[in-house]
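Peer 1: Just dropping this structure here.
The values are calculated or read from the model by the stated rules, or taken from the named source; none is laboratory data. None of these values were measured; they are calculated from a predicted model. Because the Cβ atoms are built from the backbone with ideal geometry, glycine has one as well, and the counts that use them run over all protein chains shown.
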Amino acid sequence: MTYAAEPNTSAHALLRIFAANGIDRVFVVPGESYLGVLDALHDFPRIDVVTCRHEGGAAFMAGADARLTGRPGVAMVSRGPGAANACIGVHAAQQDAVPMILLIGQVPKKDVRKEAFQEIDYQKMFGSMAKWVVEVSAPEDLAAAAFKAIRVATAGTPGPVVMVVPEDVQQAAVAQPVWVAAPESPAQPAAAALDRIHGLLAQARRPLIIAGGAFNRAGGREALRRLAERHTIPVAVSFRQHDLFPNAHVLYAGDLDLATQAAQVSAWNSSDLILALGTRLGDITTQGYAFPAHPKPSQTLVHCYPDPHIVNQHFAADVGVAADPAATADALADLPATGLGLARDDWAASLRAIRERNAAWPDPEADDGVPFVAVVRALAAQAPADVAICLDAGTFAAPVYRHFPFAYPQRLMASQSGAMGYGTPAAIAAQLRDPGRKVVCMVGDGGFLMTGNEMAAAAERGLPILFIVSNNNCYGSIRLHQARTYPGRYVGTNLASPDFTMMARAFGVRAEYLTRADQVHDAIARGLASDAPYLLEVRTSLGAILPPGVSHAAGIDLLPRGD
């Protein structure tokens with residue numbers, strides 16, 4: 001069946017709602033099940049269509065874009081296999097609390113629930129991950145569904161919405177509404193709650209702020225810093241939120257992550273007041289629900305989060321505040337200072353000393369490649385003041401989390417889902433969103449072979465991303481667990497990696513292969529200076545990431561090098 005291109009179809013109505021609400025970019029893998037929407041995009045030249053090579057890459061890009069804008073990132077995929085491939089990005093958006101809309105084409109209405117070719121019941125598929133799954137059955141309902149999807153994705157705890165649109169619902173002539181969702185007014189903390197918190201601060205000798213991702217919005221970081229400085233409160237950032245507070249600040253106490261040192265957690269646990277602001281207090285941030293103690297902390301706990309569903313969900317707070325954490329921080333910063341005479345400077349200095357010991361750059365030696373910490377150190381020495389570092393999952397990333405001294409506007413883009421394959425798509429999305437910012441993608445050989453093909457977009461558009469691939473011919477994170485638990489019994493973690501420099505050159509990207517630590521500094525300088533995409537493949541040490549004294553088999557490299 002052929003449809004005439006008329007700018008009044010239900011697909012046009014959908015896109016008109018998107019455009020009116022600031023959605024100016026979509027990430028797509030084209031499919032026949034949403035041809036009507038693809039056709040309508042032709043009439044919206046202000047919506048940038050980014051063609052991706054895999055639906056997982058498209059969904060990751062949408063989530064990364066949303067993290068930077070606060071607006072829903074949009075991915076569009078075909079039914080069945082396309083939707084299945086995009087699942088990983090929906091899960092990441094839920095874990096990261098970023099607004100996302102996944103639009104999936106569906107079989108024709110008459111074939112729905114008949115186990116037709118590539119048909120899936122998406123309510124069952126995405127019901128536990130998405131905030132809302134809607135299957136639109138009438139053309140005239142498509143604009144309203146899009147309008148609600150935007151509101152649901154951004155309300156409360158942001159997250160993913162899945163829109164399912166049968167292929168014969170996209171082309172009918174319908175009204176073309178232009179509805180704009182009013183941004184939610186940030187909930188203000190009640191005066192009584194502020195008085196109570198201020199009174200607790202006045203009595204506390206060892207207060208601690210745990211700052212979470214809800215501060216990642218305009219004015220959020222500034223409010224957090226004002227609060228910390230006004231009342232002399234050390235700040236620990238929640239899981240992978242390093243860019244919320246300047247890491248060189250005297251009040252920065254470190255991060256709650258997968259490898260937080262026991263001495264640091266012990267020191268934090270000696271606090272007498274915890275202000276958990278803008279964090280969901282998930283399992284990693286709370287070190288397996290052990291800090292603070294679950295369900296009733298030993299410290300006085302104040303928990304502030306915009307979504308009332310989150311407050312008191314796992315931990316019984318002494319003061320629970322369902323309000324905007326930035327507004328709460330600003331209001332507390334306007335109250336009289338409480339740190340005078342309470343030895344808080346000494347408390348902050350003790351936490352800072354532990355952080356500085358943990359963050360000190362090591363000088364590891366290795367005879368099987370470059371310790372990746374040397375790469376991170378060279379990057380930290382040269383990184384621009386606004387660099388965005390997009391991290392994939394793997395042991396190579398650990399030195400970034402522990403040692404890189406983030407200071408906003410520098411950004412850390414790392415998924416809390418721990419999904420491999422996030423780095424390259426996130427870098428594409430970040431560079432598209434801010435062309436003047438230098439974007440660095442750091443990824444392991446395993447993760448790069450999952451979504452490194454999205455580098456094609458960097459080549460096509462001339463995006464000056466610096467890709468740094470850590471190649472140790474191994475799934476290093478799992479090898480580390482094997483070395484600790486089953487030393488010497490390594491199954492499934494060796495990798496026969498290709499020549500990544502040749503792969504990059506095939507995409508038209510300049511590339512270098514580094515085998516020695518003394519090559520790293522100058523190569524990074526060349527990559528940062530490049531006005532086109534640039535790739536560094538670093539032959540990295542496997543031994544440097546494994547426990548000392550543990551026997552390990554080296555990774556394998558079956559493919560010959562090209563240089």
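Peer 1: Can we say Ala407 is part of a helix (DSSP H, G or I), surrounded by fewer than 19 Cβ atoms within 10 Å (Cβ to Cβ), out of contact with any strand residue (DSSP E or B) (no Cβ under 7 Å at 6 or more places or on another chain) and in contact (Cβ under 8 Å) with a residue 40 or more places away in the chain?
Peer 2: no
Peer 1: With the requirement that a residue be under 26 Å from the mean Cα position of the chain (by Cα), in a helix (DSSP H, G or I) and at pLDDT 95 or above, what does segment 526-552 give you?
Peer 2: Gly527, Leu528, Ala529
Peer 1: Ala253 - would you say it is closer than 12 Å to Ala329 by Cβ, crowded, with 24+ Cβ neighbours inside 10 Å, not assigned by TED's automatic domain parsing to the domain that holds Gly423 and not β-branched (Val, Ile, Thr)?
Peer 2: no
Peer 1: If you check Asp386 against the conditions, is it in contact with a strand residue (DSSP E or B) (Cβ under 7 Å, 6 or more places away or on another chain), in the same structural domain as Glu512 (by TED's automatic domain parsing) and among the acidic types (Asp, Glu)?
Peer 2: The answer is no for Asp386.
Peer 1: Next question. Quick one: Arg377 ticks every box in (1) outside any helix (DSSP H, G or I); (2) under 16 Å from Val469 (Cα atoms) bar one, so which box is it?
Peer 2: (1)
Peer 1: Still on this structure: Check segment 124-131 and report whether any residue there is among the small types (Gly, Ala, Ser) and over 25 Å from the mean Cα position of the chain (by Cα).
Peer 2: no
Peer 1: Counting only residues that are surrounded by fewer than 20 Cβ atoms within 10 Å (Cβ to Cβ), of a type in the set (A, V, I, L, M) and more than 28 Å from the chain's Cα centre (by Cα), which one in segment 320-344 is nearest to Ala204 (Cα to Cα)?
Peer 2: Filtering segment 320-344 for residues that are surrounded by fewer than 20 Cβ atoms within 10 Å (Cβ to Cβ), of a type in the set (A, V, I, L, M) and more than 28 Å from the chain's Cα centre (by Cα), the one nearest to Ala204 (Cα to Cα) comes out as Leu342.
Peer 1: Okay, moving on. Can you name every residue in segment 496-518 that is touching a residue at least 24 places away in the same chain (Cβ under 8 Å) and either out of contact with any strand residue (DSSP E or B) (no Cβ under 6 Å at 6 or more places or on another chain) or assigned to a helix (DSSP H, G or I) (or both)?
Peer 2: If the condition is that a residue be touching a residue at least 24 places away in the same chain (Cβ under 8 Å) and either out of contact with any strand residue (DSSP E or B) (no Cβ under 6 Å at 6 or more places or on another chain) or assigned to a helix (DSSP H, G or I) (or both), then Ala496, Pro498, Asp499, Phe500, Thr501, Met502, Met503, Ala504, Phe507, Gly508, Arg516, Ala517 are the ones that fit.
Peer 1: For the structure I just gave you, tell me whether Thr501 is closer than 30 Å to Arg71 by Cα and not basic (Lys, Arg).
Peer 2: Against the criterion (closer than 30 Å to Arg71 by Cα and not basic (Lys, Arg)), Thr501 does not qualify.
Peer 1: Where residues in segment 173-212 are under 12 Å from Cys304 (Cα atoms) and of a type outside the set (A, V, I, L, M, F, W, C), which of them is surrounded by the most Cβ atoms within 10 Å (Cβ to Cβ)?
Peer 2: So the residue we want is Gly212.
Peer 1: Same structure, new question: Does Ala248 satisfy the criteria of being surrounded by 23 or more Cβ atoms within 10 Å (Cβ to Cβ), in the same structural domain as Leu335 (by TED's automatic domain parsing) and in contact (Cβ under 8 Å) with a residue 40 or more places away in the chain?
Peer 2: Considered against the rule, which asks whether it is surrounded by 23 or more Cβ atoms within 10 Å (Cβ to Cβ), in the same structural domain as Leu335 (by TED's automatic domain parsing) and in contact (Cβ under 8 Å) with a residue 40 or more places away in the chain, Ala248 comes out as no.
Peer 1: Mind listing whichever residues of segment 217-254 are assigned to a strand (DSSP E or B) and under 19 Å from His303 (Cβ atoms)?
Peer 2: Val235, Ala236, Val237, Ala253
Peer 1: Still on this structure, please answer the following. Kindly evaluate Phe27 against the criterion of being over 23 Å from Ala459 (Cβ atoms), outside any helix (DSSP H, G or I) and among the aromatic types (Phe, Trp, Tyr).
Peer 2: Judged against the criteria, Phe27 is not a match.
Peer 1: With the structure loaded, tell me whether Leu351 is over 17 Å from Ala191 (Cα atoms) and touching a strand residue (DSSP E or B) at 6+ places or on another chain (Cβ under 6 Å) or whether it fails that test.
Peer 2: For Leu351, the condition - over 17 Å from Ala191 (Cα atoms) and touching a strand residue (DSSP E or B) at 6+ places or on another chain (Cβ under 6 Å) - is met.
Peer 1: So which of Arg411, Arg433, Arg461 is of a type in the set (D, E, K, R) and in contact with a Leu (Cβ under 6 Å, 6 or more places away or on another chain)?
Peer 2: After applying the criteria, what remains is Arg433.
Peer 1: Ok, one more. Go through (1) more than 25 Å from the chain's Cα centre (by Cα); (2) over 28 Å from Ala393 (Cα atoms) one by one and return the number of the condition Ala262 breaks.
Peer 2: (2)
Peer 1: Then there's this: Among (1) closer than 21 Å to Pro158 by Cβ; (2) in contact (Cβ under 8 Å) with a residue 40 or more places away in the chain; (3) surrounded by fewer than 24 Cβ atoms within 10 Å (Cβ to Cβ), there is one condition Leu35 misses while meeting the rest; what is its number?
Peer 2: For Leu35, the exception is condition (1).
Peer 1: Within segment 352-372, which residues are part of a helix (DSSP H, G or I) and more than 28 Å from the chain's Cα centre (by Cα)?
Peer 2: Ala353
Peer 1: Next up: From (1) over 21 Å from Ile197 (Cα atoms); (2) at pLDDT 95 or above, pick out the condition that doesn't hold for Asp367.
Peer 2: Here Asp367 clears every test but (2).
Residues are listed down the side, and each one gets a yes or a no for (1) modelled with pLDDT of 95 or more; (2) closer than 27 Å to Phe507 by Cα; (3) surrounded by 24 or more Cβ atoms within 10 Å (Cβ to Cβ); (4) of a type outside the set (A, V, I, L, M, F, W, C):
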| position | (1), (2), (3), (4) |
| --- | --- |
| Arg53 | yes, yes, no, yes |
| Gly57 | yes, yes, yes, yes |
| Ala75 | yes, yes, yes, no |
| Leu102 | yes, no, yes, no |
| Val107 | no, no, no, no |
| Met125 | no, no, no, no |
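Peer 1: Moving to a separate point now. Using the structure shown, decide if Val152 is under 24 Å from Gly213 (Cβ atoms), in a helix (DSSP H, G or I), of a type outside the set (Ser, Thr, Tyr) and at pLDDT 95 or above.
Peer 2: yes
Peer 1: Look at segment 283-301 and say how many of its residues are touching a residue at least 60 places away in the same chain (Cβ under 8 Å) and either under 26 Å from the mean Cα position of the chain (by Cα) or within 22 Å of Leu258 (Cβ to Cβ) (or both).
Peer 2: Residues flagged as touching a residue at least 60 places away in the same chain (Cβ under 8 Å) and either under 26 Å from the mean Cα position of the chain (by Cα) or within 22 Å of Leu258 (Cβ to Cβ) (or both) within segment 283-301 amount to 2.
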